[in-house]
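*Asks:* Once you've had a glance at the structure underneath, I'll fire off some questions.
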Amino acid sequence: MSRPAVQLRPFREADLDLLYRGATDPAFSTPFEWFGFKSPDAVRRRWDEDGFLDKDPHYLVVAEDDGGAVGYVMWREPERGGFGNWEIGALLGPEHRGRGIGTAAQRLLVEHLFATTTAHRIWAGTESENLAEQKSLEKCGFRREGLLRGAVFRDGRWRDSFIYGMLRETGTRP
């Protein structure tokens, strides 16, 4: 099976609909990423401020070969003692899932961070029930490092989460 042709690029104004959907439409991010409504105005303010590039969390568009936006990736450096310890995440529109796009996008993001930042360790968390994301992270070279019991509150209850990590010296290289 060939890998999908995917690229990461900065947001354009026309791409803001992706973030608006993520902020206002539960169907966009369910079943695992819906944590309640967010202000679309806050999305717009952040776009006007720095285009999602200059401060945490940082965002890039996941685009197919034709440049069409299908989702986004994010990264941030944790607040406490996290120097060189970057967290990543990805969210695709539901109509674009299940084709390997998320795996390709996360692989590109890891390569980008190792090439352009002081990241020593990159990690991602995912709910214990999110088998597709676990498989995606493992395909990218991440290792499951542990279970966080009751770490995520979503849909009215606490849920377990797995932590996956990758070190620079053992990770994917561009």
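*Asks:* Highest first, please rank the peptides 102-109, 139-146 by the mean number of other Cβ atoms sitting within 10 Å of their residues. Present the calculation step by step, with values, prior to reporting the outcome.
*Replies:* Working: 102-109: 23.2, 139-146: 15.8.
Going from most to least packed, we get 102-109, 139-146.
*Asks:* Counting other Cβ atoms within 10 Å of each Cβ, which chymotrypsin sites (Phe, Trp or Tyr not before Pro) in segment 52-112 have at most 13 and sit in a DSSP loop? Could you put the intermediate results ahead of the total?
*Replies:* Details: sites: Phe52, Tyr59, Tyr72, Trp75, Phe83, Trp86; in loops: Phe52, Phe83.
In loop regions of segment 52-112 (DSSP not H, G, I, E or B), the sparsely surrounded chymotrypsin sites (Phe, Trp or Tyr not before Pro) are Phe83.
*Asks:* How far apart, in nm, are the 7 Å Cα→Cβ label points at Asp17 and Arg99?
*Replies:* Placing both labels 7 Å along Cα→Cβ, they lie 1.6 nm apart.
*Asks:* Here is a further query. Counting helices only, and only those DSSP H runs with n ≥ 4, report the 222 nm mean residue ellipticity of the chain as the sum of -39,500 (n - 2.57) divided by its residues, in deg cm²/dmol to the nearest 500. Kindly include the intermediate steps, with their values, before the conclusion.
*Replies:* Working: 5 runs with 49 residues, N = 174.
Result for the chain: -8000 deg cm²/dmol, rounded to the nearest 500.
*Asks:* For segment 6-123, what is Rg from Cα atoms divided by 2.2 N^0.38 Å, rounded to two decimals? Each step should come with its number before you reach the end.
*Replies:* Values: Rg = 14.0 Å, N = 118, 2.2 N^0.38 = 13.5 Å.
So the Cα radius of gyration is 1.04 times the expected 2.2 N^0.38 Å.
*Asks:* I've got another one for you. Using r as the Cβ-Cβ distance of Thr117 and Thr24, and R0 as 22 Å, what FRET efficiency do you calculate, to the nearest 0.05? Write down the numbers at each step before the final one.
*Replies:* Details: r = 31 Å, r/R0 = 1.42.
Efficiency computed from Cβ-Cβ geometry: 0.10.
*Asks:* With unit charges on the beta carbons (Lys and Arg positive, Asp and Glu negative) and the dipole taken about the Cα centre of segment 6-123, which residue among Gln7, Pro40, Val110 sits farthest to the positive side?
*Replies:* Of the options given, the answer is Val110.
*Asks:* Next question. Applying 1/(1 + (r/R0)^6) with R0 = 45 Å to the Cβ-Cβ distance of Phe37 and Phe83, what FRET efficiency is obtained, to the nearest 0.05?
*Replies:* On the way: r = 33 Å, r/R0 = 0.74.
It comes out at approximately 0.85.
No lab work stands behind these numbers, since they all come straight from the coordinates. This is a predicted model, so every value here is computed, not measured. For neighbour counting, all protein chains shown are included, and Cβ atoms are generated from backbone atoms with ideal geometry for every residue, glycine included.
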